[in-house]
Amino acid sequence: MELKVPEYILSIKPYTPGKPIEELEREYGISGSIKLASNENPLGPCPKAVDAMKASMQDIHRYPDGSGYYLTRKLAEKHDVRPDNVVLGNGSDDVIGMLARTLLQAGDEAVMTAPSFLMYEILVRSVGAAPVFVPLNNLAVDLDAIASAITEKTRMIFINNPNNPTGTFIKQDAFEAFLKRLPPSLTVVLDEAYIEFARDPSCLNGLSLIDENPPIAVLRTFSKIYGLAGIRIGYGVMPAEMAGLLHRVRQPFNTSALAQAGAVAALDDEDFLYQTLELVATELDFLQTALNKMGVTSFPTQANFFLIDVKRDADRVFQEMLKEGVIIRSMVSYGYPRYIRVNVGKRQENLRFLEAFERVMDKTAQEPGG
Ligand SMILES: Cc1ncc(COP(=O)(O)O)c(C=O)c1O
């Protein structure tokens, strides 16, 4: 084969998603394991969404509504924007891809934090643009450093709030002051995948700022709070002119009929939303209090996950936790060799995590570097 592959494609390191539970259980010869590694909803999928998807099954011989008419209108109403501000995606990943294809080209720069959600870098590189990394400061997004990293080539800035994987957040007033320092020729992509979990009232919410200068594209997802990660549905809210441009590159049927039906129903399931928020707040407190009693450092968070400083090789802790049937995420590849990330589960899962974690910490305490 003599494919002429562009250099920028060769520069992409493929995304390695967390392995499915079944695969890990086969690999480690374990069963009944629990997964606290992908920031999913501990309660499972939103029940109203499941019912609506079942009901819409009878029509799946037909193509979906390519415009996502009902979902777009419902989202516009919920967020007090116009339908032409909304772009639906096959997960918010898909919207990031459309933003990159529409607004970036070879030679452009896109500023993002390090670490950050890996798809920003992959999708920026996939169109030949260059990622420019700005380190976090004390686990938090450093708006001053981001502003200083802007050059005349910068066309996009990615900001994640609350931030994955650290759980830190940006305050509304700090972000508004930051916007004033930016040139109008770039787009701020504000990824709010975890915004519904934020508990601090001063936490930034970008929806009222989309038409500012520079323009803002706010990303939201049904994968986390609504428990619909597997059906792939997310969206962007942005200035109508930008949304119109994204529709030029959007695949005509990028969101499935099932996903649209599920998402419309999920927006009406207030009970599920509150149950999820209640559970995450209670269990986060439970987990962090227990860890504190064990003398383990964990970090404050505004999301449904948090970091723990294991003070030893995080990959080693990850491996030992796997043997215990508890799947968490090592932060080694994110540049934090001694941190793990855990998302909040149900009480039984959290208890199991804590028991396994205590055993693993004891077991690894005497090892070199432990
Ligand atoms: C920060 C961040 N943005 C976006 C996503 C992707 O969301 P979606 O499932 O809607 O593609 C994730 C998923 O883990 C995430 O952590």
* **Qualifying residue in the range 305-322 (condition: on the phi > 0 side of the Ramachandran plot and not small (G, A, S))** => yes
* **Yes/no for I159 being in contact with an Asp or Glu (Cβ under 9 Å, 6 or more places away or on another chain), of a type outside the set (D, E) and at pLDDT 95 or above** => yes
* To do: Taking E241 as the residue in question, decide whether it is surrounded by fewer than 24 Cβ atoms within 10 Å (Cβ to Cβ) and out of contact with any helix residue (DSSP H, G or I) (no Cβ under 6 Å at 6 or more places or on another chain).
  => yes
* Structure fact -> Among A55, A114, the single one that is exposed (fewer than 15 other Cβ atoms within 10 Å of the Cβ), more than 16 Å from the ligand (Cβ to nearest atom), modelled with pLDDT of 95 or more and in the same structural domain as A240 (by TED's automatic domain parsing) is A55
* Asked: Do the conditions hold for S256, that is, is it among the small types (G, A, S) and within 16 Å of the ligand (Cβ to nearest atom)?
  -> yes
* Asked: Looking at the range 266-299, which of its residues are surrounded by 21 or more Cβ atoms within 10 Å (Cβ to Cβ) and either modelled with pLDDT under 95 or closer than 30 Å to H61 by Cβ (or both)?
  -> A266, F272
* To do: Kindly indicate which of R101, R125 is in contact with a Phe, Trp or Tyr (Cβ under 6 Å, 6 or more places away or on another chain), over 17 Å from L190 (Cβ atoms) and not assigned by TED's automatic domain parsing to the domain that holds R341.
  => R125
* Asked: Quick one: which of E367, E320, E349, E355 is farther than 26 Å from A114 by Cβ, in contact with a helix residue (DSSP H, G or I) (Cβ under 6 Å, 6 or more places away or on another chain) and surrounded by fewer than 19 Cβ atoms within 10 Å (Cβ to Cβ)?
  -> E320
* Which numbered condition trips up A174, out of (1) under 24 Å from P239 (Cα atoms); (2) within 16 Å of the ligand (Cβ to nearest atom); (3) surrounded by fewer than 17 Cβ atoms within 10 Å (Cβ to Cβ); (4) of a type in the set (G, A, S)? -> (2)
* Evaluate the following for K363: is it in a helix (DSSP H, G or I) and either free of Cβ contacts under 8 Å to residues at least 60 places away in the same chain or within 14 Å of G167 (Cα to Cα) (or both)? => yes
* Identify, please: which residue in the range 117-130 is in a loop (DSSP other than H, G, I, E, B) and closer than 13 Å to Q105 by Cβ and is, among those, farthest from the ligand (Cβ to nearest atom)? -> G128
* Are any residues in the range 74-111 touching a residue at least 24 places away in the same chain (Cβ under 8 Å), part of a helix (DSSP H, G or I) and more than 11 Å from the ligand (Cβ to nearest atom), and if so, which ones? -> K74, L75, K78, H79, D84, N85, M98, L99, A100, R101, T102, L103
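The values are calculated or read from the model by the stated rules, or taken from the named source; none is laboratory data. Quick caveat, the model's predicted, so the values are computed rather than measured. Cβ atoms come from the backbone with ideal geometry, glycine included; neighbour counts cover every protein chain shown.
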